[in-house]
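Engineer: Could you have a look at this structure, given as C-alpha cells, before my questions?
The values are calculated or read from the model by the stated rules, or taken from the named source; none is laboratory data. Given the structure is predicted, the values throughout are model-derived calculations rather than measurements. Glycine also receives a Cβ, built like all others from the backbone with ideal geometry; neighbour counts cover every protein chain displayed.
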C-alpha cells in the first residue's frame, strides 16, 4: 500500500481531493442556508411589485369609468364598464365598479349581487390595508340591505329577494372576517 514514493503520492493526492470535495460540499450547504432568507425576501419583493403594478393598471384602466361615475353619468359609466368587461372578462374590479355604480343609482339588489361576484373573485376588496379596498362601501351596502331583508321576510316566496338576502349575508360574513 505505502511501498514506494509513487503510492504515497497517489494516496496524498486522493486524500487532498476528498478534503477539497468535503470543503466544497460543506460550503454549498452552509451558503444555501444563508441565501434562503434572501431568496424569500426577493420573492416577497417581486410579489409586492407585481401587486403594485396590478393596482396601478386597474386604476388606469378604470379611470374613465370612475370619472363618469363621479360626474353622475351612470349610463355612460355602465356602457364604458361593459366595454372594459368584454376586454377583461372575469376581472373582479369590473364587478366592484359595477356594484358601486348600481349602488349609486339606487339598484341595491343588483349592486349587492355585483359586489358578491367581485369579492368572490378577489377578497382583497374587503381587506382594510389594500389600496383597492371597498370595505366601507360594502358596509354601507349591507346596512342598506336591511330593508331587503325586511321585504324578504314579508314575501317569503319571492326568489329574487331570497337570493339578495343570501348575498347580503355573504357580504356580512366576509366583513366579519369569514372566508368562503
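Engineer: Find the residue count for the range 66-91, including only residues that are in a helix (DSSP H, G or I) and in contact with a helix residue (DSSP H, G or I) (Cβ under 8 Å, 6 or more places away or on another chain).
Structural biologist: 11
Engineer: Quick one: count up the residues across the range 144-180 that are closer than 15 Å to residue 114 by Cα and touching a residue at least 60 places away in the same chain (Cβ under 8 Å).
Structural biologist: Counting residues in the range 144-180 that are closer than 15 Å to residue 114 by Cα and touching a residue at least 60 places away in the same chain (Cβ under 8 Å) gives 0.
Engineer: Within the range 119-143, which residues are within 17 Å of residue 165 (Cα to Cα) and without any contact (Cβ under 8 Å) to a residue 40 or more places away in the chain?
Structural biologist: Those that are within 17 Å of residue 165 (Cα to Cα) and without any contact (Cβ under 8 Å) to a residue 40 or more places away in the chain: 138, 139, 140, 142, 143.
Engineer: Restricting to helices (runs of 4 or more DSSP H) lying wholly in the range 113-175: which have 3 or more residues that are closer than 23 Å to residue 91 by Cβ?
Structural biologist: 135-144, 159-175
Engineer: Tell me, which residue of the range 123-152 that is out of contact with any helix residue (DSSP H, G or I) (no Cβ under 9 Å at 6 or more places or on another chain) and at pLDDT 90 or above is farthest from residue 103 (Cα to Cα)?
Structural biologist: It comes out as 150.
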